[in-house]
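Reading through the structure tokens given below for one structure.
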Amino acid sequence: MPQKSQPNRDERIVSLNYTPDDFDILKNGYQPSQDKRVLLIIPCSGGKPYSKSRSHRLIAERLEQGLGEKTKLIQKVTLSGLYGIVPEEYELEDAILGYDFRLERFNREQITLVTNRLVTFLERYSKYDAYIGYATSSAYRAVLEQAAKKVSCLQVLPVKPKTRRLTEFFRRENIAELVERVSAILDSGE
């Protein structure tokens, strides 16, 4: 009888120990920074902390290249498929670092939960000049688009992605659209 191979130490084991109740920014007294003008919402990543992931680093680098010092006026939050909004300041919490969950378009109940949390967050923290969600993957984009129908201030970028896949997230033209939009918002308020 063949023996079952043992998983490599580097292989990830999906943890089902975390549920949406383990982190909810709406219940922990969050207060947004007063010096930020743009709220930027980016989908979560497999790599943690989010800000160290390839996708979040790319966006941060392109914004820095295009905006320089003005990037300090952007509040980046992550759209977690499990928890909803996760502000940058909370990326190192155990519940954030420890979960492994990817939102899929067939998971309608979870999409609804994340959408409702996002809508409540946007309504509660309506202090920003602009609210921008940047996503190309089908499920995360669905959350942003559903929220934008309920809270008209939310802009979803890229406006016309060629497909609803993660690869579009990295497309040069889509990132340029994001940088140009944020730049226009920040330049209009000076």
So Asn107 and Leu166, fully extended at 0.36 nm per residue minus their Cα-Cα distance, gain in nm 19.5 nm
How many percent of the accessible area of the chain is carbon or sulfur, using a 1.4 Å probe? 47 percent
Rounded to the nearest 500, what is the chain's calculated 222 nm mean residue ellipticity when only DSSP H runs of at least 4 contribute -39500 (n - 2.57) each, over all residues? -11000 deg cm²/dmol
With the other protein chains left in place, how much accessible area per residue, in square angstrom, belongs to the chain at a 1.4 angstrom probe? 57 Å²
Largest-first principal axis extents of the Cα set of the stretch 82-190 (Å): 39, 32, 29
Treating the beta-carbon of each Lys and Arg as +1 and of each Asp and Glu as -1, no other charges, what is the dipole magnitude of the chain about its Cα centre, to the nearest 20 debye? 640 debye
So what are the three principal axis dimensions of the stretch 79-135 from its Cα atoms, in whole Å, longest to shortest? 32, 28, 19
Hey, which of these cross-link pairs are over 18 Å Cα-Cα: Lys72/Lys127; Lys127/Lys160; Lys36/Lys149? Lys127/Lys160; Lys36/Lys149
What ratio of Cα Rg to 2.2 N^0.38 Å holds for the chain? 1.06
Go through the stretch 75-121 and name the GluC sites (Glu not before Pro) that are in a DSSP coil and have 10 or fewer other Cβ atoms within 10 Å of their Cβ. none
Bridge type composition, the chain - antiparallel percent by DSSP, nearest 5: 20 percent
Counting every C-alpha pair in the stretch 50-114, the percent lying more than 18 Å apart is 46 percent
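The values are calculated or read from the model by the stated rules, or taken from the named source; none is laboratory data. Nothing here was measured: the structure is a model prediction, and the numbers come from that model. Quick reminder, even Gly has a Cβ in these numbers, built from the backbone with ideal geometry, and neighbours come from all protein chains shown. Quick note on the areas: whole protein, heavy atoms, side chains included, nothing else; ligands and nucleic acids left out. Shrake-Rupley method; radii C 1.70, N 1.55, O 1.52, S 1.80 Å.
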